[in-house]
2 protein chains.
Amino acid sequence: MYRSHDCGSLRAADINKKVTLAGWVQKTRDKGFMVWVDLRDRYGVTQLIFDEERTDKVMLEKAQQLGREFVIQVTGQVIERESKNPKMPTGDIEILVKELKILSESKTPPFTIEDKTDGGEELRMKYRYLDIRRNPVRENLIFRSRVAMEVRNFLAGKDFVEVETPVLIKSTPEGARDFVVPSRMNEGQFYALPQSPQTFKQLLMVGGLDKYFQIVKCFRDEDLRADRQPEFTQIDCEMSFVEQEDVLNIFEEMTRHLLKKVKNVDVADFPRMTYAQAMEKYGNDKPDIRFGMEFGDISAFAKAKDFKIFNEAELVVGIAIQGGASMTRKEIDKLIDWVKRPQVGAMGMVYVKCNEDGTFKSSVDKFYDQEDLAKWADATSAKAGDLIAVLSGPANKTRAQLSALRMEMAERLGLRKADEFAPLWVVDFPLLEWDEDTQRYHAMHHPFTSPKPEDIDRLESDPGNVRANAYDLVLNGNEIGGGSVRIFDKKLQALMFDHLGFTPEEARAQFGFLMDAFEYGAPPHAGLAFGFDRLVSILGGQETIRDFIAFPKNNNGRDVMIDAPSALDQEQLEELNLKVTVDGSTE
Amino acid sequence: MYRSHDCGSLRAADINKKVTLAGWVQKTRDKGFMVWVDLRDRYGVTQLIFDEERTDKVMLEKAQQLGREFVIQVTGQVIERESKNPKMPTGDIEILVKELKILSESKTPPFTIEDKTDGGEELRMKYRYLDIRRNPVRENLIFRSRVAMEVRNFLAGKDFVEVETPVLIKSTPEGARDFVVPSRMNEGQFYALPQSPQTFKQLLMVGGLDKYFQIVKCFRDEDLRADRQPEFTQIDCEMSFVEQEDVLNIFEEMTRHLLKKVKNVDVADFPRMTYAQAMEKYGNDKPDIRFGMEFGDISAFAKAKDFKIFNEAELVVGIAIQGGASMTRKEIDKLIDWVKRPQVGAMGMVYVKCNEDGTFKSSVDKFYDQEDLAKWADATSAKAGDLIAVLSGPANKTRAQLSALRMEMAERLGLRKADEFAPLWVVDFPLLEWDEDTQRYHAMHHPFTSPKPEDIDRLESDPGNVRANAYDLVLNGNEIGGGSVRIFDKKLQALMFDHLGFTPEEARAQFGFLMDAFEYGAPPHAGLAFGFDRLVSILGGQETIRDFIAFPKNNNGRDVMIDAPSALDQEQLEELNLKVTVDGSTE
């Protein structure tokens, strides 16, 4: 037996017990005649004491040689600590060591194993196994495990069945790029890794499983943006004989359950907002509603005067920045520069200071009088002391940029509090979105999403304005889940494929098995998938999913710890009937 | 709302309630003026009744048109059934239908949706979504989900943390073949899919996670034998600061917990047997110990006479077949033919009938007298009425074949009862096994397995007889789990790589990150992985894992439902910098 207790469990009540502990040397303090060692494991830290008098000298000398991160095993007596440490759960006691065994030595780690480390991200990724020893990283992984358990317990309690769908499936040219897997047994053919278990969960509904879920890895070979991973985890769910309302209710209950269980936070009923409202009020389909700063459309007032830029703009819209009237000219200029930052395309910002005395001072005083500006303040709910920031231009682009400004200012003002949770349903998403590249409509969610029955007859005449029975769950400005009511009628599905520009042959080649399944009595069904990495990171009060993944990949899709991907040897390629047309060696 | 109740929940207490149900038409009985419909969903079957008098005629006619597997929604009144069916939980009531809506029509399914179906396996795989509607298949999937929940609840209760390890990892040329995944972003390079999370779980131990588990998909590109799947699921576990005994204890407790929870079976402490004992007594490292039929080594007695075949054999060994003395000559000849079946290589069988009167009649009476045969009977524990079957030849091959005969006879005699559970630990596996092809030793478990300390000095002199701290959990003749104590000392690990014929460079190229990790204080650790598909199928009283997988692949690694794998289009191949050297089209 390597240990009688872990390093986090001994208390004053254990004094005089003989114990055996094992763990890592966190640090040593050497006073010559006495050595203290902080011994660490997953469960905590316990102080060990070696001294000339009470323990033997040889062992004291051995203790003096212990380096950071050595793995040791000690046997000794629990004694009362002279200077107690009330911050440590084990702070009342220490172990007077009688036997010491070094289990493994350690080189000096490349960064400190402390809550705040001196290691940069790249280094910590290369030595991820050392990074995981740090409390914050380990606690994130344990937190993730706990959230997963709570999800499973909740869903199992509601009769959901967890079903493992296959990972080696079939490639479909639509949507994001698939990762593919060459088959050796089926020469020249490839499997694909699933971007989601979408079709399988629908088939399970056709199969009568009624309520399905799975916490499952999905894969997308996309050019990686910051905080995207080529492999990610979904909580994937589907239900039969339900309408949108049933789905929203059950997953609202689940989210509320999670917030209560893992954060001890009570939230009221989730507000709901249509996609159109979200875009109008926040310029964003995943608004952070923890703070106000709602958009005020001032187009009508702004266009009443001779300011050409506004008069030519499709939309003039502003937000009130709390306390912004006290910004200096220089600070405002810097903000204007931020808005114009080159990567998003230049866009001018007009501002209005709402003075404490009720007057206004704007960058367009030449065109607008106090009465005009009062209307702007009213539209943006600006109060005395605020700064109104106004952007103008094409409606979509202007909204997107004002949304970015809104989030930036909320961040700067500390309004995005990690321990405050504001969930929100966004509903009635558009069914289709126009794709400039291919000059055709694409399914905004996916081709199996049901249009709203009352909008179906607009599919021909006004496809861009057909709304879907599709919904997103938004938490603190992040989409944590999304789903839709599915089409279960084969005629409507065929119509949808037609509107998405599939020929019947293409539709059959890609989704034939699903269309076939719909010939045999498909139930009405609907579902939702949560981005589990994102959900966990937001519940954990952070927004970087990488911090909640044990072994994440970097922005080039590489695992720098194991150095993957890597070149294959010739023999392996030949077995797979493959030739690589570029040089894949890393050197 | 599609339904007020599911199809399994209405009882006599609900009589007179107005209810709405939805589900599939299981069958209809049409008496002209009256129609009964069995409506089915995941939860059960409820009988619907339509009649001329109490409901309207138009609806009765509509009901008469309903085909099998139509999806319908009905609203009506719960009424008492005239002829109750005590076999059905809902058998006291029926629904007098007032409204009927057809939600989806169905073509005639290609096989009957009944517990016993008329569909062959290939057809049922192609229409797996219909197969899943059948009770036995659906119940298997629900059972699997339940076992997974029990495993998670047990392990979480023991402080195990579920950590998701990556699926896109690095290919290693050792062991079974990897499935690989070409990377588009890292040109010419490939990820591999994990055969197990072995190295990652060891890194988590180096990372101080202490107790890890994961229910995880693994992948092996092997030529498929019957009942092997290219993707399969493991319960993967690892613990730090433990010895073999700790691991055996906790997973014995888990297995006992599962048997109790999902089968309501109590089992005593698991017996333990060394690999050597298992081979000697059962000729098999995963013996089914639910029945006796232990091997009796009769070499000494058999070689005492002039029977050349036995005298030249390395081993002469027999088993007693219960009641076999009553077999006819023809039956025995058929059994001898079975033993000689060409696929295993011919081997003669000698037999001894143990007559009820205490005498013996053997096929080698010419060489052995009654006294000799009595010794054989004694060695094999044969009783009056039994048949002793004796095989001889090279020890390993003879044991393997006698083991096959033992299993076959147990099967025929009905001794392998699905509801009887006999778990067993097999310990002290050999560390290495000789590979004829490569003419060198391979790790029997994997290269990280620790040799028994007392055997380390035989690594050089007698490698084939070095025992490992490796163990298998066997249930009813199936290996359901296996694991080992790991090497955590970098010097011993280097020695092992050397003995396995790796150059230091090769070892570094493949396992460098693990060897690096061992430089920074690796704790002693050990683990185990269960084959989850196998575990579930055995707990479910069956031995075909395919029956417990939602969407299994066939023996060629194909998913016949979605028709995967398949050829990629040229554009996709070019993006991946690949050329396929064979024609991959299916036609």
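Things to note:
- Peptide B:565-573, shielding by other chains (average Cβ, 10 Å cutoff): 6
- More than 44 angstrom apart: percent of Cα pairs within chain A: 38 percent
- DSSP-loop trypsin sites (Lys or Arg not before Pro) across the stretch A:292-395, with at most 13 other Cβ within 10 angstrom: A:LYS366, A:LYS383
- Under 5 Å, built H, 5+ apart or other chain: amide partners of B:VAL161: B:LYS211, B:TYR212, B:PHE213
- Here the Karplus curve 6.51 cos²θ - 1.76 cosθ + 1.60, taken at θ = phi - 60°, turns the phi angles of the stretch B:445-451 into couplings of 9, 6, x, 9, 6, 7, x Hz, with x standing for Gly and Pro.
- Local electrostatic count, A:ASN469, Cβ distance below 15 Å [Lys/Arg +1, Asp/Glu -1]: -4
- Trypsin sites (Lys or Arg not before Pro) within the stretch A:146-231: DSSP coil, no more than 14 neighbouring Cβ in 10 Å: A:LYS158, A:ARG225
- Within the accessible area of the protein assembly as shown (1.4 Å probe), percent carbon and sulfur: 47 percent
- With its label point put 7 Å out from Cα toward Cβ, A:GLU245 sits 6.3 nm from the same residue's point in the other copies, in order from shortest.
- For the stretch A:67-135 versus the stretch B:276-292, the gap between their alpha-carbon centres in whole angstrom: 46 Å
- Whole-percent pair-distance distribution, where bins are 5 Å wide, for the alpha carbons of the stretch A:291-412: 2, 12, 24, 26, 22, 11, 2, 0
- Viscosity 1.567 mPa s, 4 °C: Kirkwood-radius Stokes-Einstein D of the stretch B:475-569 over Cα pairs, µm²/s: 75 µm²/s
- Each copy carries a label point for B:LEU123 at 7 Å from Cα along the beta-carbon vector; from one copy to the others these points are 6.7 nm apart, nearest first.
- For B:GLY481, the residues whose amide H sits under 5 Å from its own are B:LEU473, B:GLY531, ignoring neighbours fewer than 5 places away on the same chain, with H placed 1.01 Å from N.
- Per residue, the accessible area of the stretch B:291-412 comes to 49 Å² when a 1.4 Å probe rolls over the protein heavy atoms.
- 17 Å tail of the calculated P(r), the stretch A:358-485, as % of Cα pairs: 73 percent
- Measuring only protein heavy atoms, the 1.4 Å probe finds B:GLU454 accessible over about 120 Å².
- For the stretch A:516-531, residues shielded by at least 10 square angstrom of accessible area compared with the chain on its own, probe 1.4 Å: A:ASP516, A:ALA517, A:GLU519, A:TYR520, A:GLY521, A:ALA522, A:PRO523, A:PRO524
- Protein heavy-atom accessible area occluded, B/A pair - total, 1.4 Å probe, Å²: 11100 Å²
- Calculated log₁₀ intensity ratio I(q)/I(0) where the Debye formula runs over C-alpha points of the protein assembly as shown, q = 0.05, 0.08, 0.10 Å⁻¹: -0.44, -1.07, -1.44
- Dividing the helix sum by the residues of chain A, where each DSSP H run of 4 or more adds -39500 (n - 2.57), gives a mean residue ellipticity at 222 nm of -8500 deg cm²/dmol.
- Within the stretch B:376-425, the proportion of C-alpha pairs whose separation exceeds 14 Å stands at 67%.
- Residue-wise HN-Hα coupling along the stretch A:493-498, computed from phi with Karplus coefficients 6.51, -1.76, 1.60 (Hz; x: Gly, Pro): 4, 5, 4, 4, 4, 4
- Per residue, the stretch B:175-240 exposes 22 Å² of accessible surface when a 1.4 Å probe is rolled over the protein heavy atoms with every protein chain present.
- Given charges at Cβ of Lys, Arg, Asp, Glu: chain A dipole, positive-most of A:ILE549, A:MET239, A:VAL466: A:ILE549
- Residue and distance for the chain B Cβ closest to the axis that moves B onto A, in whole Å, come to B:LYS579, 2.
- Semi-axes of the equivalent ellipsoid for the stretch B:62-188, Cα gyration tensor, largest first, Å: 46, 24, 16
- Within 10 Å of the Cβ of each residue in A:141-150, the mean number of Cβ atoms contributed by other protein chains is 4.
- Relative to the longest principal axis of the Cα atoms of chain A, helix A:395-412 runs at roughly 30 degrees.
- Converting phi to 3J(HN,Hα) with the Karplus coefficients 6.51, -1.76 and 1.60 and the offset θ = phi - 60°, the stretch A:63-78 yields 5, 5, 8, 5, x, 4, 6, 4, 9, 10, 10, 10, 10, x, 10, 6 Hz in sequence order, with x at every glycine or proline.
- Overall, chain A carries a charge dipole of about 2040 debye about its Cα centre when +1 sits on the Cβ of Lys and Arg and -1 on the Cβ of Asp and Glu, all other atoms neutral.
- Distant-in-sequence amide contacts of B:TYR441, defined by a placed amide H-H separation under 5 Å and a gap of 5 or more residues or a different chain, comprise B:ASP435.
- Other copies of A:PHE33: label-to-label distances in nm, shortest first, labels 7 Å along the beta-carbon direction: 11.2
- Taking the C-alpha atoms only, the angle from helix A:135-157 to the longest principal axis of chain A is near 60 degrees.
- Compared with the dominant principal axis of the Cα atoms in chain A, helix A:329-339 is inclined by about 80°.
- Highest-first arrangement of A:532-545, B:48-61, where packing means the average Cβ count within 10 Å: A:532-545, B:48-61
- Ligands, DNA and RNA aside, A:GLU314 has an accessible area near 130 Å² when probed at 1.4 Å.
- At q = 0.15 Å⁻¹, base-10 log of I(q)/I(0) for the stretch A:12-104 (Debye sum, equal scatterers on each alpha carbon): -0.49
The values are calculated or read from the model by the stated rules, or taken from the named source; none is laboratory data. Keep in mind that what you see is a predicted model, and the values were worked out from it rather than measured. Don't worry about glycine lacking a Cβ; one is built from the backbone with ideal geometry, like all the others, and counts go over all protein chains shown. Side chains included, ligands, DNA and RNA excluded: accessible areas come from the protein's heavy atoms. Shrake-Rupley method; radii C 1.70, N 1.55, O 1.52, S 1.80 Å.
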